[in-house]
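In what follows, a structure is listed as structure tokens, so that the remarks can point back to it.
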Amino acid sequence: MERLDILLRGRYPDFSRSRIEGLVKAGYVTVNGAVASKAGMKVKDTDEIEVEIPPPVPAVPEPEDIPVSVVYEDEDMIVVDKAPGLVVHPAPGHVTGTLVNALLWRCPDLKGIGGVARPGIVHRLDQDTSGLIVVAKSQKAMEGLVKAFSSHEHVEKTYIAVCHGRPRLDSGRIENLIGRHPVDRKRMAIVERNGKRAVTNWRLLSGPGDFDGRRDAAAYSVVECRIETGRTHQIRVHMASLGCPVIGDKVYGKQALDKRLDPVPARQMLHAWRLTLWHPVKNERMSFEAPIPSDMRPYIPASSAAYFLGRRTD
């Protein structure tokens with residue numbers, strides 16, 4: 001028996017210990033077909049170990065003239081309504097065309113704030129999730145926002161999700177641990193150990209009977225999700241655990257049911273609608289809202305649409 005990280009150091013002498021630990025944590029190492037649980041796990045000579053080496057990412061992102069929808073901006077931070085399909089920062093497979101590239105064009109002084117690879121980034125949204133994201137423009141703002149988002153204090157994040165089916169209750173609270181799926185490294189899952197605490201408070205905004213006679217009205221519901229933590233794929237995993245996955249979700253959803261909807265969703269119908277936080281420099285409470293994007297509106301009944309109208313940014 002030997003530790004996995006020690007064995008890999010022998011096979012990849014050019015890799016540092018931290019590099020190997022990073023590959024394991026990111027799910028790039030499997031043992032007998034299952035994602036390795038930790039770098040220090042014990043393995044046998046007969047175990048089949050596979051390592052996927054992700055392609056390199058440029059150390060310094062380049063500015064690109066990509067239009068972004070700005071909700072608020074001052075000398076310390078910028079709040080953007082991210083379009084669906086836009087990746088937040090460069091990563092393997094997406095080395096250009098990201099929100100970071102766009103912001104470096106708009107805000108040249110952003111370069112180097114909080115690090116060169118992901119300047120200004122304090123939280124993220126999935127590529128196909130639309131809505132609000134805040135980016136630091138000064139080092140003082142970076143430090144304050146990182147602390148706030150890490151502790152989850154004075155930060156309120158509210159999402160709108162369109163989900164298959166209808167939850168059994170009208171509201172609820174989900175609290176558990178979320179970690180890497182034991183087999184599929186691209187997925188997250190509710191786990192008993194080796195996960196991080198995840199909390200989602202949800203309430204039903206509309207369900208069957210609220211859709212003005214639509215043929216597929218019984219097929220889905222509109223749910224408001226207020227998250228107390230910000231784990232990877234948190235809302236998507238939690239809604240799927242209720243038996244109501246987000247429509248259009250190709251990882252945790254039900255694609256056969258997606259095809260029955262009119263229109264067929266082109267992406268996961270999840271939107272970061274409202275963000276409330278304390279300004280990291282001015283120490284003022286601020287709240288922002290992003291309009292429901294056009295591709296989600298066909299799934300929002302009139303009774304729920306009224307809920308989103310007439311609201312203003314503080």
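Only one of the numbered conditions (1) among the hydroxyl-bearing types (Ser, Thr, Tyr); (2) modelled with pLDDT of 95 or more; (3) more than 25 Å from His271 (Cβ to Cβ) is not met by Thr98, and that is (3). Residue count for the stretch 51-82, restricted to those that are loosely packed, with under 15 Cβ neighbours inside 10 Å, of a type in the set (A, V, I, L, M) and modelled with pLDDT of 95 or more: 1. Residues that are touching a residue at least 60 places away in the same chain (Cβ under 8 Å) and touching a Pro at 6+ places or on another chain (Cβ under 9 Å) within the stretch 1-33 comprise Ala26, Tyr28, listed in sequence order. Is at least one residue of the stretch 44-64 basic (Lys, Arg) and either touching a His at 6+ places or on another chain (Cβ under 7 Å) or assigned to a loop (DSSP other than H, G, I, E, B) (or both)? Yes, because at least one residue in the stretch 44-64 is basic (Lys, Arg) and either touching a His at 6+ places or on another chain (Cβ under 7 Å) or assigned to a loop (DSSP other than H, G, I, E, B) (or both). Being within 24 Å of Val191 (Cα to Cα) and either of a type in the set (D, E, K, R) or touching a Lys or Arg at 6+ places or on another chain (Cβ under 9 Å) (or both) is a property that Pro301 lacks. For the stretch 159-217, a tally of residues being at pLDDT below 95, small (Gly, Ala, Ser) and either closer than 27 Å to Ala290 by Cα or in a loop (DSSP other than H, G, I, E, B) (or both) returns 7.
You will find that of Ala91, Ala36, the residue that is touching a helix residue (DSSP H, G or I) at 6+ places or on another chain (Cβ under 8 Å) and touching a residue at least 24 places away in the same chain (Cβ under 8 Å) is Ala36 and no other. For the stretch 55-110, the set of residues classified as more than 21 Å from Arg274 (Cβ to Cβ) and of a type in the set (Asp, Glu) consists of Glu62, Glu64, Asp65, Glu75, Asp109, listed by residue number.
The values are calculated or read from the model by the stated rules, or taken from the named source; none is laboratory data. As the structure is a prediction and not an experimental result, all values here were calculated from the model. Every residue, glycine among them, receives a Cβ derived from its backbone with ideal geometry; neighbour counts consider all protein chains shown.
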